[in-house]
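Okay, so here's the structure we're looking at.
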Amino acid sequence: MAQHNLLGKSGEELASEFLISRGYIVRDVNWTSSKYELDIVAYKDNILVVVEVKTRGSSDFAYPEEAVTEKKIRNIVRATEAYIMTHDLNMDVRFDIISIIGKEPPFEIEHIEDAFLPPLNM
């Protein structure tokens with residue numbers, strides 16, 4: 001596995017642990033449907049929380065959350081729609097980003113709640 005894939009996978013594991021430590025229930029990690037993927041699907045307080053995880057070794061060039069583009073947001077929303085239909089869910093949805101910086105502990109973790117809203121024109 002390529003180094004950047006290993007970093008991303010370890011970031012998703014770290015983000016899952018982070019969420020669990022804050023009372024979230026993690027439903028799925030790396031859930032896929034067709035060509036779409038959701039990094040983490042969790043819930044807390046009757047809200048389905050879809051979390052995009054961005055991990056970087058450093059912030060020298062950009063912060064990890066800056067990699068969540070408009071196209072990426074559209075794909076996350078489409079994947080979320082598929083997830084909701086697949087699991088026949090009827091609950092509010094929130095989109096978060098967890099940004100992780102570092103190659104080894106201690107990592108810099110930032111949880112951005114309500115990071116974005118679904119675009120009006122998909």
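Counting lysine pairs in the chain that sit 8 or more residues apart in sequence, or on different chains, and whose Cα atoms lie under 15 Å apart gives 6. Overall, the chain carries a charge dipole of about 340 debye about its Cα centre when +1 sits on the Cβ of Lys and Arg and -1 on the Cβ of Asp and Glu, all other atoms neutral.
Toward the positive end of the charge dipole of segment 3-112, with +1 on the Cβ of Lys and Arg and -1 on the Cβ of Asp and Glu, the farthest Cα among ALA82, ILE40, ALA62 is that of ALA82. With R₀ fixed at 35 Å, the C-beta to C-beta distance from ASP88 to ASP114 puts the FRET efficiency at about 0.90.
Ranking HIS111, ASN121, ILE98 by how far each Cα lies toward the positive end of the dipole of the chain (charges on Cβ) leaves ASN121 at the top. Between the helical axis of 3-21 and the longest alpha-carbon principal axis of the chain there is an angle of about 60 degrees.
In the chain, the DSSP-assigned H stretches of four residues or longer account for a calculated mean residue ellipticity at 222 nm of -10000 deg cm²/dmol, using -39500 (n - 2.57) per stretch and the full residue count as denominator. Ordering LEU117, LEU14 by the number of other Cβ atoms within 10 Å of each residue's own Cβ, fewest first, gives LEU117, LEU14.
For the pair GLU65 and GLU13, the difference between a 0.36 nm per residue extended length and the Cα-Cα distance amounts to 17.0 nm.
Place a label point 7 angstrom from the Cα of VAL26 along the Cα-to-Cβ direction, then list the residues of segment 58-100 whose backbone nitrogen is under 16 Å away. So the set is 96-100.
Taking the C-alpha atoms only, the angle from helix 70-86 to the longest principal axis of the chain is near 50 degrees. Of ILE84, ILE40, the sequence from fewest to most neighbouring Cβ atoms within 10 angstrom is ILE84, ILE40. Largest mean-square fluctuation among LYS44, LYS71, LYS54, in a Gaussian network model of the chain whose springs join Cα atoms under 10 Å apart, belongs to LYS71. Using C-alpha pairs below 8 Å separated by at least 6 residues, the relative contact order for the chain is 23 percent.
Where a number appears in this text, it was derived from the coordinates with a stated rule and is not lab data. Note that the structure is a prediction, hence the values are computed from the model and not measured. Every residue, glycine as well, gets a Cβ built from its backbone with ideal geometry; the counts of neighbours run over all protein chains shown.
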